[in-house]
Amino acid sequence: MLSANEIRKVVQERNQHQKGTGKKVVDVREEMERLEAAGEIVIHRIRPENRPVEVSTLFGWKKRIPTDRLWHHKSCGQCGNIPGYPSSLLWLMNETGRTYLNEPHQTSCTAWNYHGTATSNPVALAAVAARNFHRAYETGHFPLIHCGTSYGDYKEMRKLLVENATVRAKVRDVLGKMGRELVLPEEIVHYSEWVHVMAPEILARQKHTVEGIVATVHEPCHYYKMVPEDAVYDEAIYAGQRPAVPSGILMALGAKVADYSTWYDCCGFGFRHILSEREFSRSFANLRKIRPMVEEAHADVAITSDTGCVTTLDKSQWIGKAHGLPYMLPVLSDVQFAALAMGAHPYKIAQVHWHAASAEALMTKMGIDWKAAKAEFREYLQALKNGQAPELLHPAHGEIETYFAINKGQVLPDEAPAAPAGAGGRSR
Amino acid sequence: MTIVAHLPQRALTLTEEESAAPPAMELTGRRRASPEERALSETIFREFHADPRYHEFVLGCLNCGECTTGCPAARFYDFSPREMLQIAETGDATTLWDALQEKIWACCQCYTCNMRCRFGNDIAGIISVMRELSVSHGVASTRKTLAPFGRSLTLLMTVGTQVSSDMIQPDFFRDWGPFATGSDRAWGVGADIMRRAIPSDVLQTTRSSWEVSVQTSLELFRIYEETGVLDMLRGLDPDLTEMLIDIIEERREEFEEARERFRTELEGMRGPVATFRG
């Protein structure tokens, strides 16, 4: 069911059927090269200072994952209600010595809204994507996409901008009115792909064993169903039959990744449903996902790699006890799980207290002294209440950045390929 | 046979009187479209078939049902992606009108149907186009369906993020329980302190998912103005649209004042920060 062989077969059958339509699965990156040569676009290339690692996608095409000098494209849902998701990622980058920018000069992709309310259109979505792409480009940092929907949407928009000259012209015109150019990144990179290729470095810093932990993986739909050919697969993971992320990092850390019958189902987020029709979201999440994970796989934790999936699978469970489904299976992102295994503070960094299903039993099993950490965090909260400055993973932004997307000393990559990170970069 | 014999007798064709004033409800229990609604539905269908995406997304149907088999919404709603695809192909305004009332809003946009379709139909995309047209024509059922989204649309249009932590209030998310909303019930401090405990200054706001600079939000609004999104939103909620324009006007004034205040720092900078004027 939706194995890589099955997907490849479906795509091949489509190509048979679509001989007359001209709609084929093609590597959009090749067309980007032609468009750049014609002066239509600028490609934001991955450079040696991005320290890329090569992986394979569905058809065996190669994809380069940059691991350094990154521009964080945050997720509105993660930052809004599960902030331990991005803070764990920033912490992992600090620990592994990677540089980055985490700026206020980014909008969301706006695709949550589009898929929920349809109050947008493809030209607007493409222009939003291109604005963010250009901002990353002018800072000399490569975009790293936190959200699965942003990742899927940006791949759709990149394809649209490459294939449709009319949309391209409209977007270029809109960008021109704000002094920006049409720049497309060489690769659209999801943070879970960064975690995947960073596995050796994460493993080298692992502090807590996870060998006794049974994890079930929920594969985010917008990671591998929107633009299937760009998802990362690895012969060593499920024999290449399912996406390699986020299972790869769990296996590398030593967790047992257990199968369950509805692994290919969505989580029930539904975009519109999670805000205004949660009867559906919580029914689907509990009945089609959490129950099989617990009853079939006897999971200790559910791991996923997208905003809506963590939200829906986790926060839908509390009400389950009213319907005889009292599971409360902890749900974490891959990067929170990896950070905990590396010794991150469960509350200050992984921020597990924003989750509805408690992670305390899981942390006990991992050998984490969460009681001491929780007491320390309570004291920290009181200190903040009394006016203490908060602990930060990177320098705070100045007041000028409340208003302006300033240059901060960066220069465009083509002018100085080896430019160092600017003042907004990371620090401990 | 016995049961059929006891059913009320009903003529198979409408009388002249019935044709002139058809029953308000169809046998399915759904309300019949008025002549005005039917005319609107026909207009929407014409625009749907004229949309360049129609020919890219609708490629035929084998009637195999693979799309519906894997559909999460089909398990809980009177909804089927196969039906949506076939409505798109038929050109029948009556069935389209029926679908616009509720069914198009059942879809989860998970793309499972797309992934399973041998013909390569983009069914999730077809439904999105139907939704877009329903919004831009201000279909009454759509205004009702999207009524709860005023707050998130305001955020999205003015700062470009979908949610803020102060939207996730325990009163509105009771089903999430007491611990998942940054509530002071769990930790003895307010939501603002819970946000300050996140180790990134950009994330410490309660009013948005992250702090968005004024220039960034004005650039986004320029995109909405230039690409027809603002006009589309007017069809859905004219009052909200006017309010958004007022908010942005204030931000533009704030931006210009800041440009004066930070003139020295901005001198010598290149790129959009030097040229963008709101």
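The values are calculated or read from the model by the stated rules, or taken from the named source; none is laboratory data. Everything numeric here is computed off the predicted structure, so don't read it as measured data. Ideal geometry is used to build each Cβ from the backbone, glycine not excepted, and the neighbour counts take in all protein chains shown.
A few comments on the model shown:
- Identity of the residue in the range B:158-206, of a type in the set (Asp, Glu) and under 29 Å from A:Asn286 (Cα atoms), that ends up surrounded by the fewest Cβ atoms within 10 Å (Cβ to Cβ): B:Asp171
- Neighbours by Cβ (under 6 Å, 6+ apart or cross-chain): first from the range A:252-273, facing another protein chain (nearest Cβ under 7 Å); second in a loop (DSSP other than H, G, I, E, B) and modelled with pLDDT of 95 or more: A:Cys266/B:Pro72; A:Cys266/B:Cys108; A:Cys266/B:Cys110; A:Gly270/B:Cys108; A:Phe271/B:Gln109
- Single residue of the range B:41-92 satisfying the filter (among the polar types (S, T, N, Q) and more than 13 Å from chain A (Cβ to nearest Cβ)) that is surrounded by the most Cβ atoms within 10 Å (Cβ to Cβ): B:Ser41
- Subset of the range B:192-241 [touching a residue at least 40 places away in the same chain (Cβ under 8 Å) and at positive phi]: none
- Residue check, A:Met178 within 17 Å of the chain's Cα centre (by Cα), farther than 24 Å from A:Gln336 by Cα and aliphatic (A, V, I, L, M): no
- Every residue from the range A:341-372 that is more than 12 Å from every other protein chain (Cβ to nearest Cβ) and touching a Gly at 6+ places or on another chain (Cβ under 8 Å): A:Lys365
- Candidate set from the range B:255-268 (those that are surrounded by 15 or more Cβ atoms within 10 Å (Cβ to Cβ) and modelled with pLDDT of 95 or more); member that is farthest from A:Lys170 (Cα to Cα): B:Phe262
- Yes/no for B:Ala99 being surrounded by fewer than 24 Cβ atoms within 10 Å (Cβ to Cβ), free of Cβ contacts under 8 Å to residues at least 24 places away in the same chain and more than 8 Å from every other protein chain (Cβ to nearest Cβ): no
- Looking only at residues in the range A:363-395 that are in contact (Cβ under 8 Å) with a residue 40 or more places away in the chain and outside any helix (DSSP H, G or I), the one that is farthest from the chain's Cα centre (by Cα) is A:Gly367.
- Condition broken by A:Arg69, with the remaining ones in (1) at positive phi; (2) more than 7 Å from every other protein chain (Cβ to nearest Cβ); (3) in contact with a Lys or Arg (Cβ under 7 Å, 6 or more places away or on another chain) satisfied: (3)
- Scanning the range A:362-388 for residues that are of a type in the set (A, V, I, L, M) and farther than 24 Å from A:Gln78 by Cβ yields A:Ala372, A:Ala375, A:Ala383.
- B:Asn121 meets all of the listed conditions (1) more than 27 Å from A:Gln12 (Cβ to Cβ); (2) at pLDDT below 95; (3) outside any helix (DSSP H, G or I) but one, namely (1).
Per-residue answers, yes or no, for (1) outside any loop (DSSP other than H, G, I, E, B); (2) among the aliphatic types (A, V, I, L, M):
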{"site": "A:Leu160", "(1), (2)": "yes, yes"}
{"site": "A:Arg168", "(1), (2)": "yes, no"}
{"site": "A:Glu187", "(1), (2)": "no, no"}
{"site": "A:Trp194", "(1), (2)": "yes, no"}
{"site": "A:Ile202", "(1), (2)": "yes, yes"}
{"site": "A:His208", "(1), (2)": "no, no"}
{"site": "A:Glu211", "(1), (2)": "no, no"}
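- Complete set of residues in the range B:102-128 that are of a type in the set (A, V, I, L, M, F, W, C) and crowded, with 23+ Cβ neighbours inside 10 Å: B:Ile104, B:Trp105, B:Ala106, B:Cys107, B:Cys108, B:Cys110, B:Cys113, B:Cys117, B:Ile123, B:Ala124, B:Ile126, B:Ile127
- Of all the criteria given as (1) within 12 Å of another protein chain (Cβ to nearest Cβ); (2) touching a residue at least 40 places away in the same chain (Cβ under 8 Å); (3) surrounded by 24 or more Cβ atoms within 10 Å (Cβ to Cβ), the one not satisfied by A:Ala338 is (1).
- Test: residue in the range A:91-102 that is within 7 Å of chain B (Cβ to nearest Cβ) and under 18 Å from the mean Cα position of the chain (by Cα): yes
- Filtered by the rule that a residue be facing chain B (nearest Cβ under 8 Å) and among the small types (Gly, Ala, Ser), the range A:103-140 gives A:Ser108, A:Gly116, A:Ala118, A:Ser120, A:Ala124, A:Ala127.
- Any chance A:Lys321 is free of Cβ contacts under 8 Å to residues at least 40 places away in the same chain and either more than 27 Å from B:Tyr111 (Cα to Cα) or within 9 Å of chain B (Cβ to nearest Cβ) (or both): yes
- Residue match in the range A:298-309 (condition: in contact (Cβ under 8 Å) with a residue 24 or more places away in the chain, more than 9 Å from chain B (Cβ to nearest Cβ) and among the charged types (D, E, K, R)): yes
- Residue selected from the range A:208-247 under the condition more than 15 Å from the chain's Cα centre (by Cα) and small (Gly, Ala, Ser), by the criterion surrounded by the fewest Cβ atoms within 10 Å (Cβ to Cβ): A:Ala236
- Spans of helices (runs of 4 or more DSSP H) in the range B:134-244 with at least 1 residues over 19 Å from the mean Cα position of the chain (by Cα), at the interface with chain A (Cβ under 8 Å from one of its Cβ atoms) and more than 27 Å from B:Lys103 (Cβ to Cβ): B:184-187, B:191-196, B:214-226
- Only residues that are free of Cβ contacts under 8 Å to residues at least 12 places away in the same chain and buried (at least 17 other Cβ atoms within 10 Å of the Cβ) were counted across the range A:153-167, and they come to 1.
- Picking from residues in the range B:245-254 that are free of Cβ contacts under 8 Å to residues at least 60 places away in the same chain and more than 11 Å from chain A (Cβ to nearest Cβ), the one that is surrounded by the most Cβ atoms within 10 Å (Cβ to Cβ) is B:Arg252.
- Residue that is surrounded by the fewest Cβ atoms within 10 Å (Cβ to Cβ) [pool: residues in the range A:346-362 that are in a helix (DSSP H, G or I) and within 21 Å of the chain's Cα centre (by Cα)]: A:His353
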